[in-house]
Amino acid sequence: MTSHAVTVRHNFETAHRLPHLGGKCVNLHGHSWWAEVTVTADRLSGAGTVVEFGSYKKVLRAWIDTRLDHGVMVGRADPLLPALLDDGTKLFVFGDDDEDYPPFAKDLDWPTVEDVAVLIGRVAGFLLGSMDAAPGSRVSHVVVHETHVNTAEWTP
């Protein structure tokens, strides 16, 4: 079977903390994250594409930049959440509803690199659904680099 794929990469700077894991990640700390989203289709659209790169990159990057870049990702159960909210910190809360979109992270409790990969994959799939793309196109693979040595992958 023939298959076509394109991959969009984007980087963002975001802090997180994982108090439920113990160790040094209980501390609020930041990373230079990289996300790679691969979209696959069995055949190309009439325009000869899987999805038009310019439009897809624009909406995916805008979602990431608006909600994650230069912010803090925390879990709903994080004891720092009230203080960060009171301070007016830009937050993305795992285990919470995002009022502007479907609940991408409602069942994801903590901002582990694994859950960030799921989050970005779900968002990418939702956004793809509103794009002019090849029939049957789908998000087939997501890679998130938390650092240059730590990576998580998600395949729906």
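Residues that are modelled with pLDDT of 95 or more and of a type in the set (D, E, K, R): does the range 23-30 have at least one?
The answer is no; no qualifying residue exists.
Quick one: E13 ticks every box in (1) part of a loop (DSSP other than H, G, I, E, B); (2) among the acidic types (D, E); (3) surrounded by fewer than 17 Cβ atoms within 10 Å (Cβ to Cβ) except a single one, so which number is it?
Among (1) part of a loop (DSSP other than H, G, I, E, B); (2) among the acidic types (D, E); (3) surrounded by fewer than 17 Cβ atoms within 10 Å (Cβ to Cβ), the lone unmet condition for E13 is (1).
Looking at T7, T2, which one is among the polar types (S, T, N, Q), within 20 Å of T155 (Cα to Cα), surrounded by fewer than 18 Cβ atoms within 10 Å (Cβ to Cβ) and modelled with pLDDT under 95? Please lay out each step first, then the result.
On the way: T7 fails: modelled with pLDDT under 95.
Of T7, T2, the one residue that is among the polar types (S, T, N, Q), within 20 Å of T155 (Cα to Cα), surrounded by fewer than 18 Cβ atoms within 10 Å (Cβ to Cβ) and modelled with pLDDT under 95 is T2.
If you go through the range 11-49, how many residues are among the charged types (D, E, K, R) and without any contact (Cβ under 8 Å) to a residue 60 or more places away in the chain?
So the count comes out to 2.
Could you tell me which of the residues L119, L60, L84 is in contact with a strand residue (DSSP E or B) (Cβ under 8 Å, 6 or more places away or on another chain), within 18 Å of N27 (Cα to Cα) and not charged (D, E, K, R)?
Values: L119 fails: within 18 Å of N27 (Cα to Cα); L60 fails: within 18 Å of N27 (Cα to Cα).
Only one candidate qualifies: L84.
In this structure, does H20 turn out to be exposed (fewer than 13 other Cβ atoms within 10 Å of the Cβ) and farther than 17 Å from G125 by Cα? Break it down into steps so the answer makes sense when it comes.
Values: exposed (fewer than 13 other Cβ atoms within 10 Å of the Cβ): no; farther than 17 Å from G125 by Cα: yes.
In short, no.
Restricting to the range 100-130, name every residue that is surrounded by fewer than 17 Cβ atoms within 10 Å (Cβ to Cβ) and among the hydrophobic types (A, V, I, L, M, F, W, C). Quick ask: steps written out before the conclusion?
Initial filter on the range 100-130 (surrounded by fewer than 17 Cβ atoms within 10 Å (Cβ to Cβ)): 100-103, 106-107, 109, 114, 126, 129-130.
Within the range 100-130, F126 is the sole residue that qualifies.
Taking into account only those residues within the range 23-49 that are exposed (fewer than 13 other Cβ atoms within 10 Å of the Cβ) and in a loop (DSSP other than H, G, I, E, B), which is nearest to the chain's Cα centre (by Cα)?
So the residue we want is N27.
Given the conditions (1) part of a strand (DSSP E or B); (2) farther than 17 Å from D132 by Cβ, and given that D69 satisfies all but one, which numbered condition is not satisfied?
(1)
The values are calculated or read from the model by the stated rules, or taken from the named source; none is laboratory data. Bear in mind the structure is a predicted one, so any value in this text is a computation, not a measurement. We place every Cβ from the backbone using ideal geometry, glycine too, and count neighbours over all the protein chains shown.
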